[in-house]
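S.K.: The structure follows.
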Amino acid sequence: MDIGDKLPEILGYDAEGNLVTLKDFEGQMIILYFYPKDNTPGCTAEACSLRDHWKELTAEGYTVIGVSKDSATSHRKFSDKHSLPFILISDVEHRLAEECGVWQLKKMAGREYFGMVRTTFITDTNHIVTDVIRKVNTKDAAGQIFDLLKGREDINPGPEA
């Protein structure tokens, strides 16, 4: 998925088993971030950065949604342990990750495997991607987003866009 693309209509299921769709966020801008695994150092740092700046992000009109292939049970524990105020989508079958192009071949320690590539998509109120962060600074994920959006007048283009 690239700038100008629209997010898929069906995002998946949250940690409580509820279906999450774009209709749930009508008129809201979305920060959709994909991360490899709950409770790993980088993923925890990223989630906590977004948590620590969640009020500022929501004050700017953004809804934060995290996605990994972990189960709903894992997401509930991760969310509870770190007091995460935003939705986590359980993408066990990596359907959403594949649609968004972040389920890719990876290499580590000499072996190849498919996995989630840490990526953040930012949308306008029509859920059209305005920005993509492919090299996420896990310790300052929120700061990276704010730096990207700083001084932007057209953050919320409205329904005519």
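The values are calculated or read from the model by the stated rules, or taken from the named source; none is laboratory data. Not measured: the values here are computed from a predicted model. Don't worry about glycine lacking a Cβ; one is built from the backbone with ideal geometry, like all the others, and counts go over all protein chains shown.
S.K.: Out of the residues in region 59-108 that are within 21 Å of residue 6 (Cα to Cα) and among the hydroxyl-bearing types (Ser, Thr, Tyr), which is surrounded by the most Cβ atoms within 10 Å (Cβ to Cβ)?
M.R.: Checking each candidate, the answer is 68.
S.K.: Take region 102-131 and flag every residue that is under 22 Å from residue 70 (Cβ atoms), within 13 Å of the chain's Cα centre (by Cα) and either of a type in the set (D, E, K, R) or in a loop (DSSP other than H, G, I, E, B) (or both).
M.R.: Answer for region 102-131, where residues must be under 22 Å from residue 70 (Cβ atoms), within 13 Å of the chain's Cα centre (by Cα) and either of a type in the set (D, E, K, R) or in a loop (DSSP other than H, G, I, E, B) (or both): 102, 117, 118.
S.K.: I've got another one for you. Among the listed residues 46, 9, 56, 26, which satisfies the condition of being under 14 Å from residue 142 (Cα atoms) and surrounded by fewer than 14 Cβ atoms within 10 Å (Cβ to Cβ)?
M.R.: None of the others qualify; the one that does is 56.
S.K.: Tally the residues that are at pLDDT 95 or above, within 24 Å of residue 26 (Cβ to Cβ) and not hydroxyl-bearing (Ser, Thr, Tyr), restricting the search to region 58-74.
M.R.: 4
S.K.: For the structure I just gave you, tell me whether residue 124 is in contact with a Pro (Cβ under 6 Å, 6 or more places away or on another chain), at pLDDT 95 or above, at negative phi and surrounded by 15 or more Cβ atoms within 10 Å (Cβ to Cβ). Let's see the steps before the verdict.
M.R.: Numbers: in contact with a Pro (Cβ under 6 Å, 6 or more places away or on another chain): yes; at pLDDT 95 or above: yes; at negative phi: yes; surrounded by 15 or more Cβ atoms within 10 Å (Cβ to Cβ): yes.
Yes, satisfied.
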